[in-house]
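For reference, the structure discussed in these notes is given below.
The values are calculated or read from the model by the stated rules, or taken from the named source; none is laboratory data. Quick caveat: nothing in here was measured; it's all calculated off a predicted structure. Neighbour counts are summed over all protein chains in view; Cβ atoms, including those assigned to glycine, are modelled from backbone coordinates with ideal geometry.
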Amino acid sequence: MKSTLVSAFIFLCAPVMAQYKITQKTEPLGDKNNVRIENKTFKLHGNPIKVGQTFPVMRLKTSDGLNYQLGKPQEKKTLIVVLYSVSTDLCQKNLLDYYNKTKHEDINVIFVSADPYVVQQAFLKKHNLKNITLLSDAKSHHFGLSTGLLIKESYLLTRALIVIDENAVSRHIQRVPSLTTLPDLDVALSKLID
């Protein structure tokens, strides 16, 4: 089922690439909620995080295969960009656009997908991206389960933006209703400035 879902999404992404839509809409996270790809609906799984709640501490793998602890207090605010898969054109464009728009900001920017870290590593090498934090939730799905962003049928993540402050408190969460849309980076960045 996972490969079928990824194949379907790759097929759907091709025409969307030229004119993907940014949405300000957001939908709830976690069990009993769904995300769409065109006319198909998929179930979300996990415990939803909420604005004002401390972000759960978890250990994920970097694209270099090293352990990274997410959710601990930091010196700067953090923007977490949740990607469906770096294997899809839309997510690749999403990551590259958001990376270019945020690389000079005085914030931590972390990208998370459920791709194995070796797939992430190949993506970064192909695009010659350095100094980027791309984390993998492939093995334990701890991130997806702890945030309510895990797609039950595929074990991939639904697209979202999360802002956490220096004390690791969630200050903004946007989860797109459809995987063929992108969350609004400008709104998330405005929350980082507040």
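Checking each residue in the stretch 131-152 for being in contact with a Leu (Cβ under 7 Å, 6 or more places away or on another chain) and at pLDDT below 95 picks out 132, 134. Look at (1) hydroxyl-bearing (Ser, Thr, Tyr); (2) in contact with a strand residue (DSSP E or B) (Cβ under 6 Å, 6 or more places away or on another chain); (3) under 22 Å from residue 74 (Cβ atoms) and you find that residue 147 fails only one, number (2). State whether one or more residues within the stretch 174-182 are in contact (Cβ under 8 Å) with a residue 24 or more places away in the chain, under 22 Å from residue 68 (Cα atoms) and more than 12 Å from the chain's Cα centre (by Cα). No, the stretch 174-182 contains no residue that is in contact (Cβ under 8 Å) with a residue 24 or more places away in the chain, under 22 Å from residue 68 (Cα atoms) and more than 12 Å from the chain's Cα centre (by Cα). Looking only at residues in the stretch 179-194 that are within 16 Å of residue 52 (Cα to Cα) and not charged (D, E, K, R), the one that is modelled with the lowest pLDDT is 192. When the stretch 183-194 is filtered for residues that are closer than 24 Å to residue 38 by Cα and either buried (at least 18 other Cβ atoms within 10 Å of the Cβ) or over 16 Å from the mean Cα position of the chain (by Cα) (or both), the ones remaining, listed by number, are 183, 185.
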